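Trainee: Supplied in structure tokens, the structure appears directly below.
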Amino acid sequence: MAQYLRSISKRYFSPAAILCALICGLCLTGVSFSLTRAEMYQATVPVADRSEAAQSAAFQAAMRTVLVRVTGRRSVDDDSGLAPLLANARRYVQQYRAAGDGMLWVALDGPAIERWLTQNGQPLWGHERPTTLVLLAVQTLIVMISIILTMAVYTLAERKVIGWMQLRRGPNRVNLFWVPGLGQPFADVVKLIFKEILIPANANGFLFRMAPLLSLIPSLAIWAVIPLRPERAFANIDAGLLYVLALTSMGVYGVILAGWAANSKYAFLGAMRSAAQIVAYEIAMGFAMVGVLMAAGSLNIGAIIHAQQGLFGWNWTWLFPLFIVYFISGVAETNRAPFDVAEGESEIVAGFHVDYSGMAFALFFIAEYVNMIMISALTVIFFFGGWLSPFDGWVSSDAWIAKPGFWWLAPKVFFFMFVFLWLRATFPRYRYDQIMRLGWKALIPVTLVWLAVEGVMVYLRVGPWKGYS
């Protein structure tokens, strides 16, 4: 038995793969730790107007929000010991900016606030580094497990939805909780775990093992800056849009390495086709993000959401061509139908991952489905108000139906996840020349023209830019 376990460990879990996974996990946790500490001292608060008194009241409200987080209390108004800190809130403001209609984003000086609290005998809740690191590690693990489980159910939903569209039943044999087919994703995982990972004799073993990780890790790391509900993100960084653009561009390295390291002409051909496609549509996607930046006036993901107010104040109304370009580019970025030319079976035998098997093969598809969820979430955040309510501005702000929250973000994201499946069941696969023509000769010119139109609207103060100063 011991000899069998040793052979299994050598076959499936190479030291290089384990080391790489540990290093990447620690790096992701470390980044989320360092950025979340800065987020604790940032707040988005309402402001009545641009007067000095209104700004002072907003700064005090931001200080009050930060002190509740730092001290772990339900309220700080009843503590006279914190009154001097609240009264001098302006002194601790590092930067502030408008974050939509009637909202102000404020960043406070965290180290100075901590020094004041320590000198005046005020306790800091959950601020010791080991406790915070463990808490962040647990939160990161919970989010990652939730995303992976969503991805697993998404694979089942794809097979069920496409089966329904094609008048088939879909998976209905592996039952879970008496639901036919619900256990199919977990059965697939068990099958892939116990399948042998074969490495070609002349392949570069290190890069062959690294390629799936380079595809998966960026797709998971992007969720560090995605606000799932108001003021709740692992990293509320000002350059969140650049962070998203950078990490979405890194997935191509995993594709190229997978095709090159296998030392196979078929895999390498598939990798080159996929890389050319990703680069072409990445440019169009980047230009669409520039339009969102011009509309929001900020690279911060939370500020982009706050800049969209009301159903017809969301970016999809004024940036509709950019929304179409962004979503089409997102479908192409994930190598999904009808842009799945990288795995044209009749031409290049499944593309860049043709030599992968077992869990190494599964990591590529986990990355693909996680990217589909991520593109759906980013589409909602950039163009459909994120977690904002569609009834905001139509009913009283005190009504529960007008309050922002995750319950508005989730159905929007699920809708665009469904559109991914709808496109796969509807359109045939495009030829390679058609894909390149669409990316270079259609989508990029559309984004450039609409960016010019948007620049004119900003200059003339038209639409949502009417109140710009």
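The values are calculated or read from the model by the stated rules, or taken from the named source; none is laboratory data. Only a predicted model underlies this, so the values are computations on that prediction, with no experimental measurement involved. FYI the Cβ positions are ideal-geometry reconstructions off the backbone, even for glycines, and counts take in every protein chain you see. Quick note on the areas: whole protein, heavy atoms, side chains included, nothing else; ligands and nucleic acids left out. Shrake-Rupley method; radii C 1.70, N 1.55, O 1.52, S 1.80 Å.
Trainee: So Met250 ticks every box in (1) open to solvent by 40 Å² or more (accessible area, probe 1.4 Å); (2) in a loop (DSSP other than H, G, I, E, B); (3) in contact with a Pro (Cβ under 6 Å, 6 or more places away or on another chain) but one. Which box is left unticked?
Mentor: So the condition that Met250 fails would be (2).
Trainee: Just one of (1) in contact with a Phe, Trp or Tyr (Cβ under 7 Å, 6 or more places away or on another chain); (2) of a type outside the set (Val, Ile, Thr); (3) at pLDDT below 75 trips up Leu104, so point out which.
Mentor: So Leu104 meets the others, but not (3).
Trainee: May I ask you to list the residues in region 401-416 that are of a type in the set (A, V, I, L, M) and either touching an Asp or Glu at 6+ places or on another chain (Cβ under 8 Å) or surrounded by fewer than 21 Cβ atoms within 10 Å (Cβ to Cβ) (or both)? Spell out the reasoning first.
Mentor: Taking region 401-416 first, the residues of a type in the set (A, V, I, L, M) are 401-402, 409-410, 413.
Listed by number, the residues that qualify are Ile401, Ala402, Ala410.
Trainee: Hey, could you check region 91-114 for residues that are assigned to a helix (DSSP H, G or I) and small (Gly, Ala, Ser) and say which is surrounded by the most Cβ atoms within 10 Å (Cβ to Cβ)?
Mentor: Our first condition is that a residue be assigned to a helix (DSSP H, G or I); within region 91-114, this holds for 91-92, 110-114.
Among the residues that remain, those that are also small (Gly, Ala, Ser) are: 110, 112.
On the way: Gly110: 18, Ala112: 13.
Only one residue tops the list, namely Gly110.
Trainee: If we keep just the residues of region 432-469 that are of a type in the set (Gly, Ala, Ser) and assigned to a helix (DSSP H, G or I), which is surrounded by the most Cβ atoms within 10 Å (Cβ to Cβ)?
Mentor: Step one: of region 432-469, the residues of a type in the set (Gly, Ala, Ser) are 439, 442, 452, 455, 463, 467, 469.
Within this subset, residues satisfying the condition of being assigned to a helix (DSSP H, G or I) are 439, 442, 452, 455, 463.
Numbers: Gly439: 24, Ala442: 13, Ala452: 10, Gly455: 12, Gly463: 13.
Here the residue is Gly439.
Trainee: Additional query: Could you tell me which numbered condition Ser298 fails, if it satisfies all but one of (1) hydroxyl-bearing (Ser, Thr, Tyr); (2) open to solvent by 60 Å² or more (accessible area, probe 1.4 Å); (3) under 21 Å from Thr317 (Cα atoms)?
Mentor: Ser298 satisfies every listed condition except (2).
Trainee: Right, something else. Just checking: which of the helices (runs of 4 or more DSSP H) contained wholly in region 281-351 hold 3 or more residues that are among the β-branched types (Val, Ile, Thr)? Even if it seems obvious, please write down each step before you answer.
Mentor: On the way: elements: 301-306, 315-318, 320-333, 345-348.
Helices (runs of 4 or more DSSP H) meeting the threshold: 301-306, 320-333.
Trainee: Among Phe339, Phe361, Phe365, which is in contact with a Phe, Trp or Tyr (Cβ under 9 Å, 6 or more places away or on another chain), over 30 Å from Ala303 (Cβ atoms) and surrounded by 17 or more Cβ atoms within 10 Å (Cβ to Cβ)? Please lay out each step first, then the result.
Mentor: Values: Phe361 fails: in contact with a Phe, Trp or Tyr (Cβ under 9 Å, 6 or more places away or on another chain); Phe365 fails: in contact with a Phe, Trp or Tyr (Cβ under 9 Å, 6 or more places away or on another chain).
Residue meeting the stated conditions: Phe339.
Trainee: Name the single residue, out of those in region 210-234 being buried (at least 20 other Cβ atoms within 10 Å of the Cβ) and of a type outside the set (A, V, I, L, M, F, W, C), that is nearest to Thr150 (Cα to Cα).
Mentor: Among residues in region 210-234 that are buried (at least 20 other Cβ atoms within 10 Å of the Cβ) and of a type outside the set (A, V, I, L, M, F, W, C), the one nearest to Thr150 (Cα to Cα) is Ser219.
Trainee: State which residue is farthest from Ala261 (Cα to Cα) when the search covers only region 189-205 and only residues that are part of a helix (DSSP H, G or I) and in contact (Cβ under 8 Å) with a residue 12 or more places away in the chain. Let's see the steps before the verdict.
Mentor: If we filter region 189-205 for residues that are part of a helix (DSSP H, G or I), which is where we start, we get 189-193, 205.
From the residues that got through so far, the ones that are in contact (Cβ under 8 Å) with a residue 12 or more places away in the chain too are 189, 192-193, 205.
Numbers: Val189: 25, Leu192: 22, Ile193: 22, Gly205: 7 Å.
My answer is Val189.
Trainee: Taking Arg429 and the conditions (1) within 24 Å of Glu282 (Cβ to Cβ); (2) in a helix (DSSP H, G or I); (3) open to solvent by 80 Å² or more (accessible area, probe 1.4 Å), which numbered condition does it fall short on, given that it satisfies the others?
Mentor: Unmet for Arg429, out of (1) within 24 Å of Glu282 (Cβ to Cβ); (2) in a helix (DSSP H, G or I); (3) open to solvent by 80 Å² or more (accessible area, probe 1.4 Å): (2).
Trainee: Here is a check on your reading of the model: is Ala350 open to solvent by 10 Å² or more (accessible area, probe 1.4 Å), at pLDDT below 90 and more than 23 Å from the chain's Cα centre (by Cα)?
Mentor: Working: open to solvent by 10 Å² or more (accessible area, probe 1.4 Å): yes; at pLDDT below 90: yes; more than 23 Å from the chain's Cα centre (by Cα): yes.
Taking the combined requirement at face value, the residue satisfies it.
Trainee: Right, next: Do any residues in region 235-259 that are within 30 Å of Tyr41 (Cβ to Cβ) have Cβ atoms under 6 Å from those of residues that are at pLDDT below 85 and outside any helix (DSSP H, G or I), where the two are at least six apart or on different chains, and which pairs are they?
Mentor: Asn236/Gln42; Asp238/Asn300; Gly240/Asn300
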